[in-house]
1. Residue 128: at negative phi, touching a strand residue (DSSP E or B) at 6+ places or on another chain (Cβ under 8 Å), open to solvent by 30 Å² or more (accessible area, probe 1.4 Å) and modelled with pLDDT under 95, yes or no?
2. Could you check the stretch 229-266 and list, in sequence order, the residues that are open to solvent by less than 20 Å² (accessible area, probe 1.4 Å), assigned to a loop (DSSP other than H, G, I, E, B) and without any contact (Cβ under 8 Å) to a residue 40 or more places away in the chain?
3. Residue 302 fails exactly one of the following numbered conditions: (1) open to solvent by less than 50 Å² (accessible area, probe 1.4 Å); (2) farther than 16 Å from residue 147 by Cα; (3) of a type outside the set (Lys, Arg); (4) at pLDDT 95 or above. What is the number of that condition?
4. Can you tell me how many residues in the stretch 34-66 are under 24 Å from the mean Cα position of the chain (by Cα) and polar (S, T, N, Q)?
5. Mind checking which residues of the stretch 98-121 are within 29 Å of residue 280 (Cβ to Cβ) and either among the hydroxyl-bearing types (Ser, Thr, Tyr) or open to solvent by 50 Å² or more (accessible area, probe 1.4 Å) (or both)?
6. If you take the residues in the stretch 1-42 that are of a type in the set (A, V, I, L, M, F, W, C) and modelled with pLDDT under 95, which one is surrounded by the fewest Cβ atoms within 10 Å (Cβ to Cβ)?
7. Six or more apart or on different chains, Cβ atoms under 8 Å: show the pairs whose first residue is in the stretch 101-118 and without any contact (Cβ under 8 Å) to a residue 24 or more places away in the chain and whose second is open to solvent by less than 30 Å² (accessible area, probe 1.4 Å) and among the small types (Gly, Ala, Ser).
8. Looking at the stretch 1-45, which of its residues are closer than 20 Å to residue 163 by Cα and among the charged types (D, E, K, R)?
Amino acid sequence: MTHLWVRAESRANEDRVGITPDGVAQLIAQGMQVTVEDSPRRIIPTKDYARAGAAIAPEGSWPTAPDDAIVFGLKELPEDGTPLRHRHVMFGHAFKGQPAGQVLLRRFAAGGGTLLDLEYLTDDTGRRLAAFGYWAGYAGAAVSLLAWAAQQGGGVCGPVRAWPDRAPMLDDLRARLDGTARPRPRALVIGAGGRVGRGATDLMTAMGVPVTAWDMAETAHGGPFPEVLMHDILINAILAQPGAPVFVSAEAVAPGRALTVIGDVACDPTSDFSPIKVYDRTTTWEAPVLRVAEAPVLDVMAIDNLPSMLPRESSEDYAAQLLPVLQGLDAPGDGAWGRAAALYRDHAGRLTQT
């Protein structure tokens, strides 16, 4: 019997979950065993999972789960260096040469476990089967606008928080923008045709911000892209990957630009393939932007769990996309799960060659 173990998220400000109680009920009806760890922060209460038929385990107890359990979470595991013996379904950020990702892969190799990376669950054409992208773009655009509003008063964007849903987010953001007494900034969204780009564009449009939308046609020539520096805000919705063009070079911090805010929603600064070259680390909820230039100012927003700012909408949307894929765990060697396992084996195999 397939046993799915839904772990509590250990990261601060992470209230999302990848499966709803209804999804749990459907998996159990299919014949799976489902255990859900207790979590005081998860946007969906533990009692709702118990009512759906899940067994409830203590928070953080997944290391003691049965060997055959598939541990399912979203964000990173505690960085305690322990070997990982289970199959883990999560966003590993480990297959693009990221330093922390190499450490994670070595933990799996040491314990004999397997990373089934949510980012690489694809159909046979390579299309991702589930993504938080829309809400990442939506929230990333919101924080980028907060950063721009703070600049208008001579400041730097302060700490951000989760909103109970999108209505209060929009009310809060509109008040901040109106409070600047300035015309709305001009925004450029690169990757506007994808999930992330659509979310960013929808948020900007709701706030009355004029948007220049770029997708593959506008970036196909590979750069340089001087038009980027003519906008006040850039939202990057293009994942770091081999062949990705550079949209903002390291020299872009120099004067002579309108650009003052970069929202790097794709957020992979430690990858060699990052298209944004003016910063080298992610930002946080407590310090949402990194100021990389002063004259004029240039702030980079690169929070890597943006959808958790709208945890209810993002969890429900993602869980609905992912449930059909989770239902395929009964045949883990086939389809998307087989491809994800093969990708892990390929990257884990390279560890022995370095």
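1. Details: at negative phi: yes; touching a strand residue (DSSP E or B) at 6+ places or on another chain (Cβ under 8 Å): yes; open to solvent by 30 Å² or more (accessible area, probe 1.4 Å): yes; modelled with pLDDT under 95: yes.
In short, yes.
2. Result: 259, single match.
3. (2)
4. Result for the stretch 34-66: 2.
5. The answer is 99, 100, 102, 103, 106, 109, 110, 120.
6. Residue satisfying both the conditions and the ranking: 1.
7. 101/92; 101/94
8. If the condition is that a residue be closer than 20 Å to residue 163 by Cα and among the charged types (D, E, K, R), then 9, 11, 14, 15, 16, 41, 42 are the ones that fit.
The values are calculated or read from the model by the stated rules, or taken from the named source; none is laboratory data. Since this is a predicted model, take the numbers as computed values, not measurements. Heads up, the Cβs are rebuilt from the backbone with ideal geometry, glycines too, and the neighbour counts pull from every protein chain shown. Accessible surface areas use protein heavy atoms only, side chains included; no ligands, DNA or RNA. Shrake-Rupley method; radii C 1.70, N 1.55, O 1.52, S 1.80 Å.
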